[in-house]
Amino acid sequence: MSSTALNFGTLDYSVFTVLDPSSVSDDSNVPKEFSLKQNYPNPFNPTTTISYDLKNETFVKLNVYDVKGKLVKILVNKVENASSHSVVWDGTDNSGKSVSNGIYFCKMEANDFTQTQKMILLK
């Protein structure tokens, strides 16, 4: 019996990069665009959830205004990561006082993106 040795050459391990699995980001859950979703429930009483998507890390402003355009509540005013987010509005103004029944507007600003959604508070 004879045996034949196969020669595959010398492997240069310096060309390989070993990745820590925790350092690899999974972009499949990152939204493809900025968006402000319709609040739910709507109409609401006593709270409503406002959801929004950020396609990249950015400074976000999410504010509630009354029908006259007066600022009622600052919900978000900070840098947030690229992801889907949500915040609950409890129908109070910036001083913690309950607002009256009516129509309110939630406005989101992020980078050059601006979007507004109408919300109805019914007590």
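Below are the figures for this structure:
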| read-out | value |
| --- | --- |
| Pairs, first closer than 11 Å to residue 120 by Cα and free of Cβ contacts under 8 Å to residues at least 12 places away in the same chain in the range 37-58, second among the small types (Gly, Ala, Ser) and part of a strand (DSSP E or B), C-beta under 9 Å, six or more apart | 40/51 |
| Residue in the range 87-103 that is out of contact with any strand residue (DSSP E or B) (no Cβ under 9 Å at 6 or more places or on another chain), among the polar types (S, T, N, Q) and at pLDDT below 95 present | no |
| Positions within the range 75-104 being out of contact with any Gly (no Cβ under 7 Å at 6 or more places or on another chain), of a type outside the set (Ser, Thr, Tyr) and closer than 13 Å to residue 64 by Cα, in sequence order | 75, 76, 77, 87, 88, 89, 90, 91, 93, 94, 102, 103 |
| Qualifying residue in the range 60-73 (condition: exposed (fewer than 12 other Cβ atoms within 10 Å of the Cβ) and either of a type in the set (Val, Ile, Thr) or at pLDDT below 95 (or both)) | yes |
| Filter pass, residue 49 being in contact with a Pro (Cβ under 9 Å, 6 or more places away or on another chain), at pLDDT 95 or above and assigned to a strand (DSSP E or B) | yes |
| Candidate set: the range 34-52, residues that are surrounded by 19 or more Cβ atoms within 10 Å (Cβ to Cβ) and not hydrophobic (A, V, I, L, M, F, W, C); chosen: the one nearest to residue 92 (Cα to Cα) | 48 |
| Given (1) touching a residue at least 40 places away in the same chain (Cβ under 8 Å); (2) out of contact with any Ser or Thr (no Cβ under 7 Å at 6 or more places or on another chain); (3) over 19 Å from residue 123 (Cβ atoms), index of the condition residue 87 fails | (1) |
| Filter result for residue 56 (polar (S, T, N, Q), closer than 21 Å to residue 33 by Cα and within 12 Å of the chain's Cα centre (by Cα)) | yes |
| Output for the range 80-110, where each listed residue is basic (Lys, Arg) and either surrounded by 11 or more Cβ atoms within 10 Å (Cβ to Cβ) or in a strand (DSSP E or B) (or both) | 107 |
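The values are calculated or read from the model by the stated rules, or taken from the named source; none is laboratory data. If you're wondering where the values come from, they're calculated on a predicted model, not measured in any experiment. So basically every Cβ, Gly included, is an ideal-geometry build from the backbone, and we count neighbours across all protein chains shown.
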